[in-house]
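Reviewing the structure listed below.
Readers should treat all values here as calculations from the given coordinates under stated rules, not as data from a laboratory. This one's a predicted model, so the numbers in the text were calculated from it and none came from an experiment. Ideal geometry is used to build each Cβ from the backbone, glycine not excepted, and the neighbour counts take in all protein chains shown.
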Amino acid sequence: MLKKIISIGKKRDFLETLMVIGLRLVSIGVGFAFIKIYTNNLTTEQLGKYFYLITLSYLMNALIFVPVDYYIQARLALSGKDIPLKALLRLNRKVCFSAIILCLAFGLPLSYFGKIKILDLAGIYGTALFLYLCNFSRGLLNNRGHKIFVVNMLVLESALKIGLFLLAAVYFSASADLLLYSSVVALALEMLLIVFYFYKKLSYNWRDEGIETYRTVIKKSYALSIGAVCNLAQLQFYRLMYVWAGAPATAAIYTVVTNLGASGMGAISSVYSQIFLPKIYASKGKYTLTYIRNALLLAGFVGVGAAIFGQYTLMLLTKNDYVQYAQVISYGVLVEAGNMVIGAATVFLMLKNASKIMIFYNIGAAIVSVLSGFVVMTYWPENVFLIGVPIALSQIFIAAFLMMHIARFDTKE
């Protein structure tokens, strides 16, 4: 009887995995459709502006929201108890208020010097806020076994972005701002559905306990904040540099092409992490090196596919203007593969209360990438291929050293 129950459980898990993979493939298709739509409706200059605003939003997300997300996910995964909603609401009110202060502190000077419009601050903040809320809620649901719903939300998110952008473009001219604000509305609608499902399906209580104070959370996770900002500078600072230097089109071309590689690899890695990342939490970190090894093998297969089919993919999903840059797709695959390693390492170090280790490597990788990027921009401002060289090398550097640290922890234990 026991064997029969175990067998039924395994079959159920297998079918769930197949459904997750199938839905994620749908999500990949919808995501690629979104890329085709915005590349065909916006000029490279407008795309450069869009990526510039999104990067500023990601910067605020990295400073405030990302470390809190990582910390709370690890905290709740280790507790295994009901979700303390009142404590989460108390913490997130302060987090969101801090993000507003940060947005104004950085945004007003940029507006004064003409680097953004004052109205762009609402889009920057809204994107960061709803991206955090959606990622945070999906993470909680995924870690508690609601994988199918999480993937459905990812499909819906891309579909909403497409639908709202096309609808808005009927009444207004297509622009970077239109794409940004339609994406914010899409994330907000997704969040409403997640909240409804959250209340119906998860076990929670209204006690104000189980989560530390905001000051304690920031104190314990500031290393992740530094790491997230450095990672953003390392991978995306070129988007700011080229816009400030008056060459948004160069950055836009690189971003569009690498986004195809990153989107493909990211979609596959999200399926992989959705299925296997909870094992790192459940094993209290012991599964991490196995997770990373299999992730790198997966990335290798995707990289080969990108090299073979990249040119055809660009012809299908973008305009012909981008086809000559097909080799740049591989940078997107490599960066996303590095993010898989870094993400797993971050979870491991949080579980071991050793996240400060990341500071040194993140700062070093960011400095090398940004300084090298300045050199490339200064001497070869129109060379799209060279943008990715310092980014790729710095990503390899940080991933390799984090893997070494994880191996040392395993050896000690």
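Summary table below
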| quantity | calculated |
| --- | --- |
| Footprinting exposure proxy for 269, 203 (fewest neighbouring C-beta atoms within 10 Å first) | 203, 269 |
| Convex hull (Cα only) mean projected area of the chain, reported in nm² to one decimal | 20.8 |
| Relative contact order %, segment 16-412, counting alpha carbon pairs below 8 Å whose residues are six or more apart | 25 |
| Kyte-Doolittle at least 0.0, axis length at least 30 Å by Cα - qualifying DSSP helices, the chain | 2-41, 85-112, 120-143, 147-171, 176-201, 214-244, 248-282, 288-317, 329-351, 357-379, 384-412 |
| Virtual spin-label span in nm between residue 207 and residue 112, 7 Å along Cα→Cβ | 4.9 |
| Dimensions (Å) - segment 199-300, Cα atoms, principal axes, largest first | 52, 37, 31 |
| Segments 392-402, 351-361, 253-263 sorted - mean Cβ within 10 Å per residue, highest first | 253-263, 392-402, 351-361 |
| Shape category assigned to segment 263-413 from the gyration tensor of Cα positions, a/c cut at 1.5 | oblate |
| Cross-link reach list, aspartates and glutamates versus residue 219, counting only Cα pairs under 15 Å and skipping chain neighbours closer than eight places | 69 |
| CD proxy at 222 nm, helix term only [per DSSP H run n ≥ 4: -39500 (n - 2.57); per residue of the chain; nearest 500] | -30000 deg cm²/dmol |
